[in-house]
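K.L.:
Before anything else, here's the structure in question.
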Amino acid sequence: MKIQVEYVAQFKDAAGLASEPVALPDGAGLLDLLRTVAGMHPERLAGLLLDEAGTPRPSALVFVGDEQAEWDEAPPLRDGVTVTLMAPLAGG
């Protein structure tokens, strides 16, 4: 299946692009997507998404379609869905 991944804020800078399609096997979940994306951008993006043990960093925000998702309670991915990855925005 193909997932459209959009990068926002710090993740966009680290990936070097705003969005890209990612091919995953049918039945893949959000963690599979995250690890695939980290492998596609190992120099800068991987460290922002995954810790040393390969688990998602709690600071990474993810949206599946228009809904914010938790890594451990993510809805199943389906062909053609857009997943948005972003770092929390801070200001002051």
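The values are calculated or read from the model by the stated rules, or taken from the named source; none is laboratory data. Here the structure is a predicted model, which is why all the values come from computation and not from measurement. Note that we place each Cβ from the backbone using ideal geometry, even for glycine, and neighbour counts take in every protein chain shown.
K.L.:
Quick check on my filter: what residues within the stretch 13-32 are within 18 Å of Ala69 (Cα to Cα) and either at pLDDT 95 or above or surrounded by fewer than 12 Cβ atoms within 10 Å (Cβ to Cβ) (or both)?
P.N.:
The first filter runs over the stretch 13-32 and keeps only residues within 18 Å of Ala69 (Cα to Cα), leaving 27-32.
Gly27, the sole residue that qualifies.
Table: residues versus (1) touching a residue at least 60 places away in the same chain (Cβ under 8 Å); (2) farther than 12 Å from Ala87 by Cβ; (3) of a type in the set (A, V, I, L, M, F, W, C).
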position	(1), (2), (3)
Phe11	yes, no, yes
Leu17	no, yes, yes
Leu34	no, yes, yes
His41	no, yes, no
Gly54	no, yes, no
Ala60	no, no, yes
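K.L.:
OK, next. So how many residues does the stretch 36-60 have that are of a type outside the set (Ser, Thr, Tyr), in contact with a helix residue (DSSP H, G or I) (Cβ under 9 Å, 6 or more places away or on another chain) and within 21 Å of Pro88 (Cβ to Cβ)?
P.N.:
Total satisfying the criteria: 14.
K.L.:
A follow-up question, please. Mind checking whether some residue in the stretch 35-44 is surrounded by 10 or more Cβ atoms within 10 Å (Cβ to Cβ) and in contact with a Phe, Trp or Tyr (Cβ under 8 Å, 6 or more places away or on another chain)?
P.N.:
Within the stretch 35-44, not a single residue is surrounded by 10 or more Cβ atoms within 10 Å (Cβ to Cβ) and in contact with a Phe, Trp or Tyr (Cβ under 8 Å, 6 or more places away or on another chain).
K.L.:
Across the stretch 51-68, what is the number of residues that are surrounded by 14 or more Cβ atoms within 10 Å (Cβ to Cβ) and either of a type in the set (Gly, Ala, Ser) or touching a Lys or Arg at 6+ places or on another chain (Cβ under 8 Å) (or both)?
P.N.:
Residues meeting the conditions: 1.
Listed here are the residues, each with its yes/no results for (1) closer than 16 Å to Ala28 by Cβ; (2) in contact with a Pro (Cβ under 9 Å, 6 or more places away or on another chain); (3) charged (D, E, K, R); (4) at pLDDT 90 or above.
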site	(1), (2), (3), (4)
Asp72	yes, yes, yes, no
Pro75	yes, no, no, no
Gly80	yes, no, no, yes
Pro88	no, no, no, no
